[in-house]
Amino acid sequence: MLYKKLAELYEELDSTSKRLEKTEILSKFFRYLPESDRETLYLLLGNIYPEYSKKKIGISNQLTIKAISKATGINDKEIVKEWKSIGDLGKVGELLTKHKKQSTLASHVLTTQKVLENLRKLPELEGKGTVDKKLSLIVELFTSASPIEAKYLIRTLIGDLRIGIQESTIKEAMASAFFDKDKEAAKELEYAIDKANDLAEVFDIAKKGKLKDLDKISLEVGKPIKVMLAQKVKTIEEGFNALGKPCAIEYKYDGFRLLIHKKGNEVILFTRRLENVTKQFPEVVDYVKKYVEGNSFILDSEAVGFDEKTKIYKPFQSISQRIRRKYDIEKLQKELPVEVNVFDIIYYNSKSLIDEPFEKRNALIKKIVHNQKYKIISAKQIITDSKEKAEDFYKRALKDNQEGIMMKSLKALYKPGRRVGYMLKMKPEERDLDLVIVGAEYGTGKRSGWLSSFILACRDSKTGKFLEIGKMGTGIKEKEEEGMSFHELTEKVKPLIIEEKGKTVKIKPRIVLSITYQEIQKSPNYSSGFALRFPRFTSLRPDRSPNDISTLEEIKKDFSSQKRNYKYG
Ligand code: ATP
């Protein structure tokens, strides 16, 4: 397909902020898109492979600027100047391509295949001369690009497409294009996407119009799925009412979700954001091989840190660096050991278990996981219909430094990617949120040159948009001893800058933080309509994606329950 067609689609999508209109535009495009061009769907989300692939474009603003300079003959400084005044590097590229100084005799017509081919070579390059090779792959595309193609190539390279398309819009557009907007079909498509995590694969089946064939998408060891998520309850009674009695009650460990895949002798570990973290946890690979029976399986678990000497469980923030750190693995493994608590199994010896009831999956866990305390164990659990026993268990969990409890229906299936009403969490009323950094401000005086204030956003789950909810400046410095300071956060955030205006910068929404706050207030100053009073940094959440953060709906709920508490008690 001509890349021009895709760039025109991007323009059309960019021209409206209405979700329904976007869905219709996309739906028309899908009807026309041949199956052989299915990989164009990756480009629609700014990717070059399915979401879970480790291979990302990974090009900095600086290199993109260099490439624009090479392709247009305009020097770097002038490009940066334009960028600061216009704000959007894509638009700068569009403008400069219009006034291209160099001859365009060498240019060819761009196709989406060619764009994918060159972009896919970028993450493969290693070693000497990498930068030059990357540069020439990008320049090759730029020299053939028309102004609007250049705009979207640039936005793709720097990871900021700005067309407002989420996976959910793509799902709805497919339902509209191939199943006449059927609600059931939209659900089936969502389920298929959560299982496959590969839009092109789902598109291929959907285009044929056979809903039943979506069932054929099967789980595969080595291919991550989106995890099942819980809903909140305030009391044990509420939990029993929702689930029926008896039900399973487990510790809600304060760690991070770890999906364990095994086939033959190979073990692969994924976080819930589908990131492969096998290299970071060699000891876990070992535990799985030694202490879990079975030729092939996918386990769902929570890895939790503990103190090597006292064996007391530690909060997530003290081990979060293990998820990202790619060096000193052995040292870190000794200093920050983790225990894996297995709480679900979704695949075993070549068979999917997602349609089996929890009691059956649970029994299998007990059979195949040979508990090794402080290494790998099945999650601490009771099965009960007694409120008193459940309450005791809850208290024990808190005393053991865990977050609270999970209550689970024994009859329920495993639904990938869903927040389900048959897995419930109960924890003490705490004012904490997971938010993403979308902007920042440079400091003054002692902090000049460093970003010292960070703009945080929650997510509107209906539109997928990130909505600002407050600024955070305090709490970071105090955490210096745990490896987080303004300086470090600045270093993390700087490569993600997509727009600069005076002291304020816009940041690609990538970095997820846990924060605590004193109160939520209504506020016209932020796009969410709410503002947090005194937000304070708790920890980085490298295990969570921006799609997993607190939603506007949750914040509205917290806001009204806070008001109720204030009034009555
Ligand atoms: P939270 O911030 O409360 O962890 P969340 O939105 O990240 O919420 P939920 O699914 O709502 O995730 O809450 C359950 C989370 O608790 C799981 O995602 C998992 O990481 C963790 N967890 C700890 N222990 C268990 C357990 N025994 N069973 C299921 N999940 C557990």
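The values are calculated or read from the model by the stated rules, or taken from the named source; none is laboratory data. Bear in mind that the values here come from a model prediction, so they are computed numbers and not experimental data. Heads up, the Cβs are rebuilt from the backbone with ideal geometry, glycines too, and the neighbour counts pull from every protein chain shown. Each accessible area value is taken on the protein alone, full model and side chains, heavy atoms only, with ligands, DNA and RNA left out. Shrake-Rupley method; radii C 1.70, N 1.55, O 1.52, S 1.80 Å.
Computed values, structure above
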| read-out | value |
| --- | --- |
| Set of aspartates and glutamates near LYS462 by C-alpha distance (under 13 Å), chain-local residues within fewer than 8 positions excluded | GLU167, GLU172, GLU553, GLU554 |
| For GLY529, net neighbour charge (Lys/Arg +1, Asp/Glu -1) across residues whose Cβ lies under 11 Å away | 0 |
| Gain upon complete extension [GLN333, SER60; 0.36 nm per residue less C-alpha separation] | 95.2 nm |
| Accessible area of the range 264-389 belonging to carbon and sulfur atoms, whole % at 1.4 Å probe | 48 percent |
| Using alpha-carbon coordinates, inclination of helix 167-179 to the longest axis of the chain, degrees | 80 degrees |
| Rounded to the nearest 10 Å², the accessible area of SER409 at probe 1.4 Å | 20 Å² |
| 5 angstrom amide H check on THR384, placed H, neighbours 5+ away | CYS247, ILE249 |
| The range 324-339 - phi-based ³J(HN,Hα) in whole Hz, Karplus 6.51/-1.76/1.60, Gly and Pro as x | 9, 5, 9, 10, 6, 4, 5, 4, 5, 4, 6, 6, 10, x, 10, 10 |
| Check: the range 229-426 dipole with +1 on Lys, Arg Cβ and -1 on Asp, Glu Cβ, in debye | 260 debye |
| Sparse-neighbour loop sites [trypsin sites (Lys or Arg not before Pro); the range 119-151; at most 10 other C-beta within 10 Å; DSSP] | LYS128 |
| Set of aspartates and glutamates near LYS70 by C-alpha distance (under 18 Å), chain-local residues within fewer than 8 positions excluded | GLU78, GLU82, GLU94, ASP132, GLU140, GLU149 |
| Low-density loop positions, trypsin sites (Lys or Arg not before Pro), the range 301-330 - DSSP coil, at most 16 other Cβ in 10 Å | LYS309, LYS311, ARG325, LYS326 |
| In the range 139-203, GluC sites (Glu not before Pro) in a DSSP loop with at most 10 other beta-carbon atoms within 10 Å | none |
| Relative contact order, percent, the range 229-426 [alpha-carbon distance under 8 Å, six or more residues apart] | 34 percent |
| Other-chain or far-sequence residues with amide H under 5 Å of ILE345's (modelled H) | ASP300 |
| 3J(HN,Hα) from dihedral phi, the range 378-386, Karplus parametrisation 6.51/-1.76/1.60, rounded to Hz, x for glycine, proline | 7, 4, 4, 8, 10, 10, 8, 10, 9 |
| Estimated vicinal HN-Hα couplings, Hz - the range 124-135 in sequence order (Karplus 6.51, -1.76, 1.60; Gly, Pro = x) | 7, 6, 9, x, 5, x, 4, 4, 5, 5, 4, 4 |
| The chain: calculated mean residue ellipticity at 222 nm from DSSP helix runs of at least 4, using -39500 (n - 2.57) | -11500 deg cm²/dmol |
| Cross-link pairs beyond the 31 Å C-alpha cut-off, checked among LYS55/LYS506; LYS18/LYS56; LYS133/LYS334; LYS311/LYS367; LYS446/LYS522; LYS326/LYS351 | LYS133/LYS334; LYS446/LYS522; LYS326/LYS351 |
| ILE498 long-range amide H proximity, modeled H, under 5 Å | LYS506, ILE507, LYS508 |
| Helix 19-32 vs. the chain, principal-axis angle (Cα, 0 to 90°, nearest 10) | 70 degrees |
| Heavy-atom surface of the chain, accessible at 1.4 Å and reported per residue (Å²) | 47 Å² |
| Entries of LYS195/LYS366; LYS373/LYS492; LYS289/LYS380; LYS66/LYS492 with Cα pairs more than 30 Å apart | LYS373/LYS492 |
